[in-house]
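Chemist: Please see the structure below; I have some questions.
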Amino acid sequence: MSEKKAEAAPAGSSARRITIQPVTRIEGHARIGITLDDNGEVADARVHIMSMRGFEKFIEGRAAEEVPGIVTRICGICPWQHHLASNKAVDGCFGAEVPLAGRLLRELTQVLAHISDKVLHFFFLSGPDFLTDSPDVSTRSIMGIIQSNPELAESIVRARYRGQLMLERFAGRSIHPEAIVPGGFSKPMGRRERDEMIANAQEQLQFAKFALDFAKERIFSKFDAALMGLGEITTGFLGMVSPKDCSLTFSDGILRLMRPDGSFHEFSSREYTDFIGEHVEPWSYAKFPYARGWGDGFSMDLADPRGIYRTNCLARLNVADSIPSPLAQAELLEFRSLFGRPAQSTMLYHWARLIELLYACERVLQLLEDPEIIGQPVRNDVIPRAGRGVGCVEAPRGTLIHDYSTDENGCITRANLIVGTTHNLAPINMSVNSAARSLIHAGRVNEEVLNRLEMAVRAYDP
Amino acid sequence: MPLRLASESLSGCSGCEIALLNTGVGLLRLLKSIKIVHMPILMDNKYFQGNDAEAELEIPEAEIGLLSGAVRNEEQLRIAEKMRQRCGSIVAFGTCASYGGIPALANLFEDADLFRRYYRTAEATDAAGNPAEVVPPFLERTFALDEVIRVDVFLPGCPPHPDGIAHLLDTLASGKKPDPELQSVCDSCPTRREGKGSVQRIRRFIRNARFQPDKPPADMRCLLEQGFLCMGPVTLAGCSGRSGGMPRCIEARVPCKGCYGPVRPGGNQLFDILNALASNGIDTKNLPDRLAVLRYSGAHRRLVRTVNKPA
């Protein structure tokens with residue numbers, strides 16, 4: 001198997017299709033479809049999302065306070081972000097105010113969940129592209145890393161495990177939580193729980209520092225022109241910033257929509273429909289959000305893109321003026337001095353992800369060191385009523401919006417969701433298209449080329 | 001010779017696969033007795049030889065086949081059938097595969113309504129027709145796995161606790177028969193029960209449970225006795241793991257939502273809980289949305305489309 005397969009025969013006289021399915025080492029079900037023209041050049045390349053479940057419809061009729069425990073199942077990798085966005089939407093419907101300790105615990109669990117996600121993505125999903133040399137599918141995986149570098153593998157696995165236990169011991173569940181509730185949080189944090197968590201958070205911070213140093217030395221240093229250009233496109237960016245100083249934040253803030261030239265609009269999540277539209281293509285179940293606010297419509301044409309912006313870590317680092325924690329801020333300054341602002345290279349998502357990992361670890365410690373976090377109350381009672389609420393957070397994959405309306409009994413009458421990954425679907429299509437056009441000529445493809453196309457997808461952590 | 005394992009995720013969220021990774025160092029140990037030969041979230045096996053979607057969908061042979069997620073569309077059905085052909089034992093991995101799980105809530109609605117909402121009337125969406133190129137058509141409803149293929153082992157849980165996953169894989173790897181959980185969540189719950197009579201009606205979880213924050217859950221009164229709809233009596237145990245933990249939701253001081261499905265495979269969580277409450281004289285009129293009690297086990301025709309649901 002490790003012997004590479006002979007290159008596929010060049011296309012004959014007729015057009016040919018190449019299908020990569022499943023797109024692997026991502027969450028979810030996607031297919032890459034490439035159409036070659038008569039000369040074997042790329043005529044078109046698309047990323048199809050092959051399934052949908054319909055949460056927008058089937059949460060209709062549910063008691064709103066139950067919904068934050070249902071929408072978690074949209075994603076087993078980022079359930080905490082759906083959980084919080086949903087609770088914020090229900091808070092809005094019910095007119096609930098959240099006490100300070102409740103807000104701090106909500107942010108804490110949120111940021112902890114970001115840590116686990118980033119470790120998972122960087123090392124388990126994308127890591128094998130950079131850390132294993134073999135094109136053999138049986139070793140280009142975390143299992144391959146476990147074999148070739150057991151010490152590294154063990155520290156990665158332990159960091160993830162520690163992150164999971166931190167959430168589980170305090171909040172019950174690390175996957176599909178129930179601990180955030182409309183009006184606040186389900187339980188306060190005890191002094192002992194806090195102290196134990198600080199000790200673990202310090203270990204996570206050590207791991208984050210190690211991860212970034214390791215990646216700079218072993219991975220980012222090898223980002224040559226070919227990799228830096230892989231799936232490169234020029235787009236705008238969307239992300240949340242703190243209303244105080246426009247610094248990076250994951251759980252509360254205003255949205256900043258940046259154009260490719262770096263100029264931007266700011267808006268509150270309640271105004272999202274003025275700025276974001278969703279386009280439907282007949283060949284993918286997922287919709288394609290775009291910047292309706294720019295007034296140019298929607299197009300994924302590489303020569304003339306319209307309305308295209310990106311989200312997730314690279315977008316957040318591009319839109320934020322600073323990072324409110326010292327180690328990550330130093331990294332951001334270095335990153336900006338190397339790549340400018342906004343940075344556009346798709347592969348830089350990986351670098352940005354590890355800077356965010358560092359921020360998340362520092363932020364967890366900041367939150368735990370705030371004496372209010374062990375305060376009470378953590379929840380205000382809520383009263384079901386008719387209303388509307390828009391809850392917004394930064395999920396690992398991007399700005400996440402839950403928009404609900406309730407009837408007088410507090411049951412959902414209407415729901416609209418814009419999920420993090422979907423913002424990046426148009427950019428992912430464009431990145432794959434751009435990569436395919438530069439790598440496939442005269443009908444020749446091999447496994448390495450096909451994996452490069454998937455690397456253009458994986459960078460986005462879809 | 002390590003056992004080969006193939007894993008696929010159908011209509012689900014990948015939470016089960018993440019729970020498998022959450023076995024932590026247990027994962028490193030498991031990988032000594034189990035060789036993963038197919039698992040899209042972790043490795044690069046593809047379905048189509050020659051990258052030709054017209055070719056037959058292929059999955060490598062394995063002794064164990066883990067299938068998570070419900071079955072919603074034609075492609076997922078094909079994958080399930082191929083897994084059945086290729087794998088010695090099929091494990092319905094998680095609650096969606098076992099009972100339909102949250103995706104089976106869609107069985108309450110017509111697909112046409114779902115599509116109309118999603119592609120034509122959602123705020124911010126530029127109305128368009130339903131996607132129909134390349135994407136696989138929906139089946140007539142959302143199915144649990146055993147409605148479409150034969151299943152050998154059920155491992156419910158949303159997601160299953162990592163301890164339970166590791167235990168099952170260890171059991172299979174050592175050639176033993178699986179020993180499924182038989183108890184209810186209440187059997188693994190430490191909260192204090194004082195007896196009947198004190199609760200008249202069920203109330204919504206719009207305020208927190210009563211408990212002493214600095215005391216363990218063993219000092220907290222049973223949440224059902226506090227008047228909350230706790231699904232513990234009619235839900236399969238397992239979420240507390242295998243090392244003396246407690247039910248996960250109780251750790252968070254919230255009622256059990258029933259995510260492991262019924263205690264016995266044929267059970268109906270809605271009938272069972274309503275019967276249990278009625279026999280204790282507890283009024284459930286305050287429950288605003290009874291059908292949602294079946295949110296984890298709505299396949300097997302338990303949740304069906306309601307025409308213009310009653311007010």
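Each value in this text was obtained by applying a stated rule to the coordinates, not by laboratory testing. No experiment lies behind these values; they were computed from the predicted model shown. Glycine also receives a Cβ, built like all others from the backbone with ideal geometry; neighbour counts cover every protein chain displayed.
Chemist: Averaged across B:8-18, how many Cβ atoms of other chains sit within 10 Å of each residue's Cβ atom? Walk me through the intermediate numbers first.
Modeler: Working: counts 1, 6, 2, 4, 6, 14, 8, 9, 2, 3, 14.
That average works out to 6.
Chemist: Under the definition of partner shielding as Cβ atoms of other protein chains within 10 Å of a residue Cβ, what is the mean value for peptide A:116-129? Working shown, then result.
Modeler: On the way: counts 3, 1, 0, 0, 4, 0, 0, 0, 4, 2, 0, 0, 3, 1.
That average works out to 1.
Chemist: Oh, and also: Work out, in µm²/s and without decimals, the Stokes-Einstein translational diffusion coefficient of chain B at 10 °C, 1.306 mPa s, Rh from Kirkwood over C-alpha pairs. Write down the numbers at each step before the final one.
Modeler: On the way: Rh = 21.1 Å.
Taking Rh from Cα pairs, D becomes 75 µm²/s.
Chemist: Return the sequence-ordered ³J(HN,Hα) values of the stretch A:211-217 in whole Hz as given by the Karplus equation 6.51 cos²θ - 1.76 cosθ + 1.60 applied to θ = phi - 60°, using x for Gly and Pro.
Modeler: 4, 5, 4, 4, 5, 4, 6
Chemist: Starting from the exponent 0.38 and prefactor 2.2 Å, build the expected Rg for the stretch B:230-311 from its residue count and divide its actual Cα Rg by it. Display every interim value, and only then the final one.
Modeler: Numbers: Rg = 14.0 Å, N = 82, 2.2 N^0.38 = 11.7 Å.
It is 1.19.
Chemist: Seen from all sides and averaged, what is the projected area of the convex hull of the Cα atoms in chain A, in nm²?
Modeler: Working: hull surface 84.4 nm².
Average of the hull's projected areas for chain A equals 21.1 nm².
Chemist: Could you check what % of the DSSP bridge pairs in chain A are antiparallel, to the nearest 5? Each step should come with its number before you reach the end.
Modeler: Details: 47 of 50 bridges.
Bridges in chain A that DSSP calls antiparallel: roughly 95 percent.
Chemist: Cβ neighbours within 10 Å, averaged per peptide: list A:88-97, B:99-108, B:54-63, A:138-147 in order, most packed at the top.
Modeler: Values: A:88-97: 22.8, B:99-108: 27.8, B:54-63: 14.1, A:138-147: 20.2.
Highest-to-lowest ranking by the protection proxy: B:99-108, A:88-97, A:138-147, B:54-63.
Chemist: Still on this model: Treating each Cα of the protein assembly as shown as an identical point scatterer and ignoring solvent, apply the Debye formula and state log10 I(q)/I(0) at q = 0.05, 0.10, 0.11 Å⁻¹.
Modeler: Debye intensities relative to I(0), on a log10 scale: -0.23, -0.99, -1.25.
Chemist: Residue-wise, which Karplus ³J(HN,Hα) couplings in Hz belong to the stretch A:110-123, taking 6.51 cos²θ - 1.76 cosθ + 1.60, θ = phi - 60°, and x for glycine or proline?
Modeler: 4, 6, 4, 5, 4, 4, 4, 4, 5, 5, 4, 5, 5, 8
Chemist: May I pose another question? Which loop GluC sites (Glu not before Pro) in the stretch A:351-457, with loop taken from DSSP, have no more than 15 other Cβ atoms within 10 angstrom of their Cβ?
Modeler: Within the stretch A:351-457, the qualifying GluC sites (Glu not before Pro) (loop, at most 15 other Cβ atoms within 10 Å) are A:Glu408.
Chemist: Determine the shielding of peptide B:204-216 by partner chains: average, over its residues, the number of Cβ atoms on other chains within 10 angstrom of each Cβ. Walk me through the numbers before you get to the answer.
Modeler: Details: counts 8, 9, 14, 8, 12, 2, 0, 2, 0, 8, 5, 1, 0.
Mean partner-chain Cβ count within 10 Å for B:204-216: 5.
Chemist: What does the C-alpha gyration tensor say about the overall shape of the stretch A:38-139? Classify as rounded when a/c is under 1.5, otherwise prolate if a/b is larger than b/c, or oblate. Before the final figure, lay out the partial values.
Modeler: On the way: a/c = 3.33, a/b = 1.69, b/c = 1.97.
In terms of gyration-tensor shape, oblate.
Chemist: Now, a different point. For the stretch B:77-95 and the stretch A:265-344, what is the separation of their Cα centres, given in Å?
Modeler: 40
Chemist: Here's a follow-up. Under 5 Å between amide H atoms, partner at least 5 residues away or on a different chain: which partners does B:Lys257 have, H built in plane at 1.01 Å?
Modeler: Excluding prolines and chain starts, which carry no amide H, the hits are B:Met231.
Chemist: Using only the Cα atoms of the stretch A:35-89, construct the convex hull and provide its projected area averaged over every direction, in square nanometres to one decimal.
Modeler: Values: hull surface 22.7 nm².
Across all orientations, the stretch A:35-89 yields a mean hull projection of 5.7 nm².
Chemist: Can you give the relative contact order of chain B as a percent, counting alpha carbon pairs under 8 Å and 6+ residues apart?
Modeler: Numbers: 597 pairs, mean separation 59.9, N = 311.
Over chain B, the number comes to 19 percent.
Chemist: Provide the packing ranking of A:268-276, A:125-133, B:293-301, i.e. peptides ordered by the mean count of other C-beta atoms within 10 Å per residue, highest first. Intermediate results must be reported in sequence, preceding the final value.
Modeler: Numbers: A:268-276: 18.3, A:125-133: 19.9, B:293-301: 24.4.
Sorting A:268-276, A:125-133, B:293-301 by mean packing, highest first, produces B:293-301, A:125-133, A:268-276.
Chemist: Also, I was wondering about something else. How large is the charge dipole for chain B, taken about the Cα centre, if only the Cβ atoms of Lys, Arg (+1) and Asp, Glu (-1) carry charge, to the nearest 20 debye?
Modeler: On the way: 39 positive and 35 negative charges, 302 e Å.
Here chain B has a charge dipole of around 1440 debye.
Chemist: Within the set B:Lys215/B:Lys285; A:Lys118/A:Lys209; B:Lys32/B:Lys177; A:Lys187/B:Lys215; B:Lys35/B:Lys82; A:Lys216/B:Lys35, which residue pairs have Cα atoms separated by over 23 Å? Don't skip to the end; give the middle numbers.
Modeler: Details: B:Lys215/B:Lys285 33 Å; A:Lys118/A:Lys209 13 Å; B:Lys32/B:Lys177 20 Å; A:Lys187/B:Lys215 12 Å; B:Lys35/B:Lys82 19 Å; A:Lys216/B:Lys35 32 Å.
Beyond 23 Å: B:Lys215/B:Lys285; A:Lys216/B:Lys35.
Chemist: Here's a follow-up. For the stretch B:184-232, which trypsin sites (Lys or Arg not before Pro) pass both filters: DSSP loop (anything but H, G, I, E, B) and at most 13 other C-beta atoms within 10 Å? Don't jump to the answer; show the numbers that get you there.
Modeler: Details: sites: B:Arg192, B:Arg193, B:Lys196, B:Arg201, B:Arg203, B:Arg204, B:Arg207, B:Arg210, B:Arg221; in loops: B:Arg193, B:Lys196, B:Arg204, B:Arg207, B:Arg210.
Passing sites in the stretch B:184-232 are B:Arg193, B:Lys196, B:Arg210.
Chemist: Here is a further query. Classify the stretch B:248-287 as rounded, prolate or oblate, taking a ≥ b ≥ c as the square roots of the eigenvalues of its Cα gyration tensor: rounded when a/c is under 1.5, otherwise prolate if a/b is larger than b/c and oblate if not. All intermediate terms of the calculation are to be shown ahead of the outcome.
Modeler: Working: a/c = 2.46, a/b = 1.16, b/c = 2.11.
Oblate.
Chemist: Within the protein assembly as shown, what percent of beta bridges assigned by DSSP are antiparallel, to the nearest 5?
Modeler: Numbers: 52 of 77 bridges.
The antiparallel fraction comes to roughly 70 percent.
Chemist: Counting Lys and Arg as +1 and Asp and Glu as -1, each charge on the Cβ, what is the dipole of the stretch B:181-304 about the Cα centre in debye, to the nearest 20?
Modeler: On the way: 20 positive and 10 negative charges, 70 e Å.
Result for the stretch B:181-304 is approximately 340 debye, rounded to the nearest 20.
Chemist: Whole-Hz Karplus ³J(HN,Hα) for the stretch A:53-66, in order, using 6.51 cos²θ - 1.76 cosθ + 1.60 and θ = phi - 60°, x for Gly and Pro?
Modeler: For the stretch A:53-66, the Karplus-derived couplings read 10, x, 3, 3, 8, 7, 8, 4, x, 6, 5, 4, 5, 8 Hz, x marking Gly and Pro.
Chemist: Given a cut-off of 17 Å, what percent of all Cα-Cα pairs of the stretch A:144-232 lie beyond it?
Modeler: Working: 2561 of 3916 pairs.
Tail of P(r) above 17 Å: 65 percent of Cα pairs.
Chemist: Quick test of your reading: applying the under-4.7 Å Cβ rule, which cysteines of chain B are isolated?
Modeler: B:Cys13, B:Cys16, B:Cys87, B:Cys96, B:Cys186, B:Cys189, B:Cys222, B:Cys230, B:Cys239, B:Cys249, B:Cys256
Chemist: Next up: Could you work out [θ]222 nm for the protein assembly as shown from helices alone, using -39500 (n - 2.57) per DSSP H run of at least four and dividing by all its residues? Round to the nearest 500 deg cm²/dmol.
Modeler: Details: 23 runs with 250 residues, N = 773.
That comes out to -10000 deg cm²/dmol.
Chemist: Within the stretch B:167-263, report the GluC sites (Glu not before Pro) that DSSP leaves as loop and that have at most 10 other Cβ atoms within 10 Å. Please list the in-between numbers first.
Modeler: On the way: sites: B:Glu181, B:Glu194, B:Glu225, B:Glu251; in loops: B:Glu181, B:Glu194, B:Glu225.
Those that pass, being in a loop and sparsely packed, are B:Glu194.
Chemist: Give me the percent relative contact order of chain A, please, defined on Cα pairs under 8 angstrom at least 6 residues apart. Don't jump to the answer; show the numbers that get you there.
Modeler: On the way: 951 pairs, mean separation 121.0, N = 462.
Answer for chain A is 26 percent.
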